[in-house]
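Presented below is the structure to which this report refers.
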Amino acid sequence: MIQAFGLTSIPRKDLPPTVDDVSFEAPVGQVTVLLGAPGAGKSTALRLLLELQRGRGVTYFRGRPLHRIAHPAREVGVLLGDVPGHPGRTVRGHLRMLCAATGVPVRRADEVLEAVGLVSLREERLGTLSRGMDRRLGLACALLADPHTLVLDDPADGLGARESRWLYDMLTAHARHGGTVLLTMADPKEAARTADRVVTLDQGRVVADQDSSAFARTRLRPRVAVRTPHAARLAAELSKEARTARRSVEVVQEDGNHLSVYGSNCADIGDVAFRHGILVHQLADEIGDMGPGAPTRAPARPEGRTDTMSSGEGPDNASDDASDGGVPDRRDEPKPASSLRAPGTSLPPPIAVRPAPTPLRPLRYELRRAAGISTGFLVGAGVLVVSVVTALLLARLGHTPRERLFAAWPVQSPLPPAALGAGLLGALAFGDEFRHPSLAADRGTVPRRLGLLAAKLLVSALTAMMLAFLTVGCDAEALYLVYGREVAEVPADWLSLGASWTGLVVGCAWAGVLAAGVFRSTTAGLAAVLAVPVAVVPLLHRLLEGSSVRVAAGMPARAREMFLLRWPFGGERYLDAAARVVAQPVGGALALSLTTLLCAYLLTTLRGRTR
């Protein structure tokens, strides 16, 4: 059950709040619809109850607020807008990535794909999916962790009649199996046919909270849909009969051979047509539009479920309804779940055993996220090609130190290609997260923020070290093949040079991760990497050359004498090597930048938790 009390959005300037004191309940085992015209506050109400937007009020999901639920994704499944996945990721890869984030077995991805009918499209890219397939994938994401409650914002937007009917039948089946379903829509006719309870919003306030039968009786206009090749003649006869009997009957001629008759019934219209010899292909009671005088929105062929059918309905229309998977009107009396499903509608099986929480969950997610698209592999291949070409050109020009030659690092360049590539991959780790927020739509699938940061730092460090090793190896092999053994000879101090090289590449990767996490942008992450040699290194040079620090010139040597010589098992050698790396201009600037970015990330994380 969902219980919302006093949901109120924060107003902007002198404008009234989008949602003002909205309270309602969504019972267990029922489909509840938030109904309203565009701009009525439906989406804002959902974001408030999901704690995705700041405001006042409180919402309980089976007696607990969302932030007090240990695993929100296993309690609430959410679909807000389009599926926010990377367009280059496959359907199955996207779901398997979310499986790692929510901590459910990987086989769950195949189960929900089968339930929503996407098994044949599991290797399709998200960017190639049609609107209907995107809606099916969104429902699969919502059902992934086997939640008790489903919250969906206008899930049938842009879908045809058959796709919408399939979607609503899936939601009805979930409710009939003991779940809670809350969704928004703007069509009152579809709300009356789909929902068990309708909560109507107008200008951010609740104007009605009714069950579907009361809503259809008090808020909608009944009408009769008529299809005849003599629409104008039948309309004239119906109007004449109404004037003679002094009855209030409104006849609206739609496009083609369709009529919408308000204030009459199938029997009376059939009698008039029979007496005047007018052929009728269809007579059907329908639910009309809201309120007297509302604009008529009847389609060319009624796409909704009908209450009764007269014998005058043509066989072509009956076959259409059968092909669409017609479902009886649930407003008459409660029906079992099996009678409410369209053909082929089935829910994924429940998760029998839920895995215990593990700190590896963010790491599994990050590995699947990084390996699920080709961007990282393309960046790595591009870095290797650029590095090899640069190393060969530097060797041909001469006058380049061997350590810079192996790293393909010209003196004029602020960073070598491998460091820039590692920084770009690190920036993409958070940049793609904010550009395609697959974890941000429902908050339930987001691993712990610090756990996610640790996973991204670890994966980016491993990727950077692999890139650094491959770059040096490829450069050395290319130099050996083109110029011989003399140019490709390994330097004597290769160990210290390797440590410095690895520290530089890993540091650039971490700078990209932290900067992109703080500024929520891949470009900002890469800019922070470039700022280390371009801006931070000159700034440190100026500070170290100042008179205020000359008195501490012997401090590094004294610190080494005090600390490094007292470590057991020869640990002072490793500390000395690390100190020498940090003492270099680029190393010191990188360490300072990483410390600053880490503090900024922790500050933004803590500030987000206190809101």
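How many angstrom lie between the Cα centre of the stretch 125-194 and the Cα centre of the stretch 458-532?
47
For the stretch 88-99, what does the Karplus curve 6.51 cos²θ - 1.76 cosθ + 1.60, with θ = phi - 60°, yield as ³J(HN,Hα) per residue in whole Hz, taken in order and with x for Gly and Pro?
Coupling constants for the stretch 88-99: x, 8, 6, 4, 5, x, 5, 5, 5, 5, 5, 4 Hz.
Where the centre of each part is set by its Cα atoms, how far does the stretch 248-268 sit from the stretch 45-120, in angstrom?
After rounding, the separation between the Cα centres reads 45 Å.
Taken together, the values in this text are just the output of simple stated rules run on the coordinates, not laboratory data. No experiment lies behind these values; they were computed from the predicted model shown.
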